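What follows draws every value from the coordinates through simple rules; no lab data is involved. Please read these numbers as outputs of a predicted model, since none were measured by experiment. Neighbour counts are summed over all protein chains in view; Cβ atoms, including those assigned to glycine, are modelled from backbone coordinates with ideal geometry.
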Ligand code: HEM
């Protein structure tokens, strides 16, 4: 049977001679075809293939010699982009991915290929080195181009995105008065306090409606910091207060639908933002959307083509021009009521008048530079501070012993307010030194990683830790890895600069055993006479950057934290939240924000 089948199949197969004939015919026609192609076509084809190969080789990531990197990434056109993007889509975070690569490659300095076809960026995780670069080596490392790429779409003329040049210094002069003690105490603190009082009222209302359930707090905190910064910048403007709008809504609500379980959140209504505030928020969110893009300039350009963003830009321009014009009128007026500076725009306008007079030129009130400074101030101040407060709520909620010690220290520090059964005033909060409160705030900034890196561009060919760094390289100085939240790398003294070495020992080193935990006591040291006092140099923290280009608004951020935390902890006990509404997963937006921020506050009756 099998044999019969084989014969049948073989019977249909061509013989070897037939195959040879076919082959000869095919080879012949192929040869004739190839002969018919003119030699110039071969040359072009060869040229195209060579070009493609060379383009491919050119487009592959080019490492900076000597600095550790992932070898496999240099064989991929997209370098480290896929690893970065997969981490972002899994976790919503980017900074943790960056410093984790130092740990994986076991080096305080590494390079990553995160911009397709662009040069690598360098990532450093070492406090002493970061401090040396930020404070001493400002002629070699300047404001990063990355910052300009990400924020330039809406504040291209703010000093925030500029290199440290004459233009930068001119803009700094405009805004320097806002961080002066007088402005902070007399103008900023009262507005912060008022916004804080509104927040307390709102949370009392929410706690009443939630009946013991947790409710989302991040939006309220963001509204509060906007309610503080808006009048600090433009002057009193209750019509644009987000929290007052929320309070008006809550005044009309007596009951809400609640889940039966106390483990589930109470979803509470939310009033829309006033239109003008919403426009500013849209602009801020547009920057957020570009931070994680490998092509931020293009991403932001695309966003600016949308009708919504065009309208927001128009609204913002109109409002800022109007406020500057009003401030100019006030500055030129001789009436006693207009003599005093009432807001940041007043201060900026008056400084520019004096500068213009000194330099014998016309004041540039209508310039984009001044407008961008004002928007840049709001962007710099609002989101970062709110984010730190949201982390504060989480740390205090999850650490009841620390929360209650903070409350006792506040009550002891504000003895008059305690005795008189009232809240401390904004002046009392600003003027009274309470060491433990300062330690709690510093620990919140250290752990929260609200801003997890400072970024610089090398403006000359230079070196870091003995490695050559070409001019133009972006250098990320991480504040969330070894040195800060994990033991520092061991680095030979010979690799550091002279000034870097001289700084050794000026700031302490964290105890390796508990670097990741939230522990304000780490900032408390034995002071004169054996008294335990707060020491800002107890150990490394980089949340505000450092040096001439470190955070300009740092003093205002501390003031806002003091005001808000004092008010919240004085008025409420923050009870633990259900597990499903807790946790420390974060999302890197404008700042490094908690994904979940819930509170379960109960009013304290003294
Ligand atoms: C918790 C709150 C804040 C955090 C964590 C924070 C963090 C930072 C960081 C990390 C930088 C870059 C520093 C560097 O590159 O060395 C920065 C710069 C800056 N911050 Fe803040 N900031 C906060 C609050 C504020 C406030 C309240 C303002 C305004 C009132 C502000 C305005 C600015 C400006 C204008 C710059 C740019 C400075 C320059 O380029 O020279 N920030 N901030």
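Per residue of the chain, the DSSP helices (runs of n ≥ 4 H) give a summed -39500 (n - 2.57) that works out to -16500 deg cm²/dmol at 222 nm. Relative to the longest principal axis of the Cα atoms of the chain, the long axis of helix 435-448 lies at roughly 20 degrees. Modelled spin-label separation between residue 340 and residue 537, with each label point placed 7 Å from Cα along the Cα-to-Cβ direction: 3.8 nm. Protection proxy ranking, highest mean first, for peptides 494-506, 158-170: 158-170, 494-506, where packing is the per-residue count of other beta-carbon atoms within 10 Å, averaged. Principal-axis analysis of the Cα atoms of the chain puts helix 81-91 at an angle of about 50° to the longest axis.
Of all DSSP-defined beta bridges confined to the range 392-514, some 90% are antiparallel rather than parallel. Hydrodynamic analysis of the chain uses the Kirkwood radius over alpha carbon pairs. Inserted into Stokes-Einstein at 10 °C and 1.306 mPa s, it gives a translational diffusion coefficient of 58 µm²/s.
Taking the DSSP beta bridges with both ends in the chain, the antiparallel portion is around 85 percent. In percent, rounded to a whole number, the relative contact order of the chain is 21, using alpha-carbon pairs under 8 Å and six or more apart.
Based on the convex hull around the alpha carbon atoms, the range 16-140 presents an average projected area of 15.4 nm². For the peptides 53-64, 353-364, the ranking by packing is 53-64, 353-364, with the highest mean count of neighbouring Cβ atoms within 10 Å listed first. Annotation for the range 499-530 versus the range 89-134: alpha-carbon center distance of 24 Å.
Once you have the Kirkwood Rh of the range 99-169 from its Cα pairs, apply Stokes-Einstein at 37 °C and 0.692 mPa s and quote D in µm²/s. Translational D for this selection: 233 µm²/s. Against the chain, whose longest principal axis is taken from its Cα atoms, helix 275-291 shows a tilt of about 40°. All C-alpha to C-alpha distances of the range 90-237, sorted into 10 Å bins beginning at zero, yield P(r) values of 9, 21, 27, 26, 16, 2 percent in whole numbers.
If I take R0 = 56 Å and measure r between the Cβ atoms of residue 90 and residue 311 in this structure, what FRET efficiency does the formula 1/(1 + (r/R0)^6) give, to the nearest 0.05? Show your work: numbers first, answer last.
Details: r = 35 Å, r/R0 = 0.62.
In this case the efficiency is close to 0.95.
Measuring r between the beta carbons of residue 208 and residue 302 and using R0 = 35 Å, the FRET efficiency lands at 0.20. Per-residue extension of 0.36 nm, minus the Cα-Cα distance of residue 179 and residue 602, leaves a gain of 148.8 nm for this segment.
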